[in-house]
Amino acid sequence: MQISVIIPLLDEEGSLAELHRQLTEVLQGKDYELIFIDDGSRDSSARLLSELAEADERVGVMTFRRNRGKSAALAAGFLYARGKTVITLDADLQDDPYEIPRLLQKLDEGYDVVSGWKKKRQDPLGKTIPSKFFNWVTAKLSGIKIHDFNCGLKAYRREVVKTIKVYGQMHRFLPVLAKMEGFTVSEIPVKHHPRRYGKTKFGVSRMLYGFLDLLTVLYTARYTRNPLHLFGAMGVVSLVIGTTVNAYLTVGWFMGRPIGNRPLFFLGILLIILGVQLFSIGLLGEMITRQGDTEAASGVYQAPRI
């Protein structure tokens, strides 16, 4: 199998037929499969996908019993993908399938991951401004110089999707996860279209969860194998400050100054206790290193018949 195209979707009945037509046209002459991941849709998406699978032997369908999130959908697609190259794109037709050849061409230059960049994004300011800020912060903290981490249109070599672990809401950081595993990442500008069908799944809560997930990714990248380096360092700092504060008060006590009713005394005790706890957390973290919280998606997969 040359190419696997993974399309996660939720309530996108209006765009599926046109998306299938465009993908079939752009991939004509190639050995490919289309894997649609229905993330618990409540409209007619499941029925339409079943009809597409019956009419086209290259179409595979994974149907979740309930909404699991985009990360779980991509993880399922990565699991079943058979292609040497894996393409992902959203099902709402805002990602342009005709950009796929350009992604493949860039991949052939030697990169392991090529991410799309919605340089001229066709979305309202309520989505574009927070997204730009989020991408800027992610680029600064991760050290990966790309502009659009969350673009759904990406190309991967097979070994990438079989290596990285996608769970929670980590789909926003797939380039970061790939870089953590030693793969090379690049980016190209791609066309982006206004939404024609369905409703956006964007919400304010995504920004909060996104930054929390970013902290998770950065912690995983730097401290998964040695959590004591983080918690131990914070614990030592807290212990030193707390001990210094109480040592200062002890000297004053020998000089006849009362300390029992001074807030600084209680602060010193608090910092010492906190330091011991942080150091203990680091030691416990070392004991449970490399244990991950992965999320398995349940569903029934209808494989392509080719």
Problem set entry | Filter pass, G110 being in contact with a Leu (Cβ under 6 Å, 6 or more places away or on another chain), of a type outside the set (A, V, I, L, M), in the same structural domain as D43 (by TED's automatic domain parsing) and modelled with pLDDT of 90 or more | no
For this session: Please go through region 223-267 and pick out each residue that is in a helix (DSSP H, G or I) and of a type in the set (S, T, Y).
Result: Y223, S238, T243, T244, Y248, T250
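Tell me yes or no: at least one residue of region 34-47 is small (G, A, S), at pLDDT 95 or above and either touching a Leu at 6+ places or on another chain (Cβ under 9 Å) or not in a strand (DSSP E or B) (or both). Before the answer, list the steps.
Quick first cut of region 34-47, residues small (G, A, S) only: 40-41, 44-46.
With the extra rule that they be at pLDDT 95 or above, the set shrinks to none.
So far as region 34-47 goes, no, none of its residues is small (G, A, S), at pLDDT 95 or above and either touching a Leu at 6+ places or on another chain (Cβ under 9 Å) or not in a strand (DSSP E or B) (or both).
Looking for something in contact (Cβ under 8 Å) with a residue 60 or more places away in the chain, in a helix (DSSP H, G or I) and hydroxyl-bearing (S, T, Y) - is there at least one such residue anywhere in region 3-14? Walk me through it before giving the result.
Let us first name the residues in region 3-14 that are in contact (Cβ under 8 Å) with a residue 60 or more places away in the chain, namely 3-14.
Next cut, in a helix (DSSP H, G or I) only: none.
No, region 3-14 contains no residue that is in contact (Cβ under 8 Å) with a residue 60 or more places away in the chain, in a helix (DSSP H, G or I) and hydroxyl-bearing (S, T, Y).
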For this session: For residues that are farther than 12 Å from P97 by Cβ, among the hydrophobic types (A, V, I, L, M, F, W, C) and under 27 Å from the mean Cα position of the chain (by Cα), tally how many sit in region 10-40.
Result: 5
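Could you please find all residues in region 68-89 being assigned to a loop (DSSP other than H, G, I, E, B) and touching a Lys or Arg at 6+ places or on another chain (Cβ under 9 Å)? If you could, list the steps in order and put the result at the bottom.
Applying the first criterion (assigned to a loop (DSSP other than H, G, I, E, B)) to region 68-89 yields 68-69, 81-84, 89.
Hits for region 68-89 are A81, R82, G83, K84, L89.
Out of G168, G143, G152, G116, I need the residue that is surrounded by fewer than 13 Cβ atoms within 10 Å (Cβ to Cβ), of a type outside the set (D, E, K, R) and either modelled with pLDDT under 90 or assigned by TED's automatic domain parsing to the domain that holds L214 (or both). Which one?
Working: G168 fails: surrounded by fewer than 13 Cβ atoms within 10 Å (Cβ to Cβ); G152 fails: surrounded by fewer than 13 Cβ atoms within 10 Å (Cβ to Cβ); G116 fails: surrounded by fewer than 13 Cβ atoms within 10 Å (Cβ to Cβ).
After applying the criteria, what remains is G143.
Those residues that are surrounded by 19 or more Cβ atoms within 10 Å (Cβ to Cβ) and either at pLDDT 95 or above or more than 16 Å from D11 (Cα to Cα) (or both), I need them from region 91-106; list them, please.
Step one: list which residues in region 91-106 are surrounded by 19 or more Cβ atoms within 10 Å (Cβ to Cβ), which gives 91-95, 97, 99-100, 103.
Once the filter is applied, which keeps residues that are surrounded by 19 or more Cβ atoms within 10 Å (Cβ to Cβ) and either at pLDDT 95 or above or more than 16 Å from D11 (Cα to Cα) (or both), region 91-106 yields D95, P97, E99, I100, L103.
The values are calculated or read from the model by the stated rules, or taken from the named source; none is laboratory data. What you see is a predicted model; the values in this text were computed from it and never measured. Virtual Cβ from ideal backbone geometry, glycine too; neighbours counted across all protein chains shown.
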